[in-house]
Structures are given as C-alpha cells and as structure tokens.
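Before any comments, here is the structure.
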Amino acid sequence: MARIALVTGGTRGIGAAISVALKAAGREVVASYAGNDAAAEAFHAETGIATLKFDAGDFAACKDAVDRIHAAHGAIEILVNNAGITRDAVMAKMTRELWDAVIDTNLGSCFNLCKLTFDAMRAKKFGRIVNVGSINGQAGQYGQVNYAAAKSGIHGFTKALAQEGARFGITVNAIAPGYVDTDMVRAVPEDVLQKIISRIPMGRLGRADDIARGVVFLTADDADFVTGATISINGGQHMY
C-alpha cells in the first residue's frame, strides 16, 4: 500500500510542488491549507490530491485533522511541515501579535503535527519528517526577526527530534530554501528582486520543483541513513 503523506501548506507554491512530486513518487498525499478555498479546489481538480482545511498553528485543529486523515486514509508515515507565513516589520514596529502569528504558524505547527504523528510512526518503526526552514533562518534578514527566529528554531527542532526518532526508524530532516519564484517573492519590488538575484551565484531564483526534489529524496524509504540534516537549496547564495 502507498505510504500516507501530509503536506501542510500543500496546495500552493512550494507546498503544491511537494504534494505533486510525492504523488508522482507513489505516495498517497493529503495537502492541507489554511484559508484559500478557491486555490485548494483548483489544486484538487487539477491533481486529484485530497485537500484538508485547518490551521496548522492550532493544536486542537491539528488533532482533529490528524484523526480525520487516520480514519479516511490510514496513519501518516510522511510528514512535510511546510506551512508558513510572513508578518514583516522592524523591531521598532514589531508587535507581539505579529511575533506570535509567525511563531505559532511556522514553528508551532512543527511541534503540533510531529507530536500528533510521532507515536504512530514509532509503532510502525517507520517515519519520514521534513521541516521546511529558510535561508533567512540561517543568515537572518532585516525586518524579519519573527520569521528568522521561527525558521532558525525549525533547524534546531529538527536536530533534536532526529535524535529521538533514529532508533525507531524515523528520520527527521530540514530543507532550507533560498529565494524561490513564488507569488510571495514575485511581490517584492522589481529593483529589490534584481538585487536578490544578483547575490545568487546560480543567477536565478529557485523553482518550487527544486525544493520538491529534495523532499522526495529525504522521504524515500531508502533514505534511512540521512537524519538531523539541513539541506540548503539556495543556488549558492548562503553556504552553511
């Protein structure tokens, strides 16, 4: 039987590419989303991938979602924590609400879903967890203390949980994307975007498929000796 995979934030951008790539690799995929019903419906119609709406930063909502997935599809064996938001502001203008929103969604969601799926993975003696960090969690970024803190936290979370999961056949890894050609990045003013591209040795933005291929590798059955790693996919912009 196909292994069950949950991809949070899995109906748009990088998440959509991951969901499609995992399906192509023979996984049964559920893609979660938080709010854009029209995009989720279009994604399901195009790909046939099941979608599920819930707030990945809310533990109770995650528990309900995991229970529903287990009932409809079976135990989750592959978890990709991709859900993320930005609420940018310099510290002088950063509010507690902006801080909490990003920490809860980007980092809290990793705890929520790992907590809720880890026991079933231990029982099966198999699990693949990939947490999506960021180049800005490695190098920092002006105006993103909340986002950089959350993504840096993901990298530390990954290393710690990898040590807990190893003896149960559970691998836990992170991917740190650089700047990828998504709607969010394309919303950056053109002059700023060109400055970003000029700092990428490969001379281009990343593509969502670049990230998806990394996830497919890390979630493969035979990727069982790779754990606690952070794979940077950034065109050489930050070598860490």
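The values are calculated or read from the model by the stated rules, or taken from the named source; none is laboratory data. Keep in mind it's a predicted model, so treat the numbers as computed, not measured. Neighbour counts run over all protein chains shown; Cβ positions are idealised from the backbone, glycine included.
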### Summary
Residue hits (region 9-30; among the hydrophobic types (A, V, I, L, M, F, W, C) and either touching a Phe, Trp or Tyr at 6+ places or on another chain (Cβ under 7 Å) or more than 22 Å from SER134 (Cβ to Cβ) (or both)) are ALA16, ALA24, ALA25, VAL29, VAL30
### Matching residues, region 163-180, being more than 16 Å from the chain's Cα centre (by Cα) and surrounded by 14 or more Cβ atoms within 10 Å (Cβ to Cβ)
GLY165, ALA166, PHE168, GLY169, ILE170
### Task
Quick one: which residue in ALA148, ALA166 is small (Gly, Ala, Ser) and either touching a residue at least 40 places away in the same chain (Cβ under 8 Å) or closer than 18 Å to THR227 by Cα (or both)?
ALA166
### Message
Looking at THR227, THR182 in this structure, which one is over 23 Å from GLY74 (Cα atoms), in contact with a Ser or Thr (Cβ under 6 Å, 6 or more places away or on another chain) and of a type in the set (Val, Ile, Thr)?
### Response
THR227
### Task
Please verify whether region 127-140 includes one or more residues that are more than 26 Å from ALA208 (Cα to Cα) and touching a residue at least 60 places away in the same chain (Cβ under 8 Å).
no
### Scope region 68-90; condition modelled with pLDDT of 95 or more and either polar (S, T, N, Q) or in a loop (DSSP other than H, G, I, E, B) (or both); matching residues
HIS73, GLY74, ALA75, ASN81, ASN82, ALA83, VAL90
### Message
Residues that are in a helix (DSSP H, G or I), closer than 24 Å to ASP221 by Cα and either at pLDDT 95 or above or of a type in the set (D, E, K, R) (or both): does region 26-36 have at least one?
### Response
no
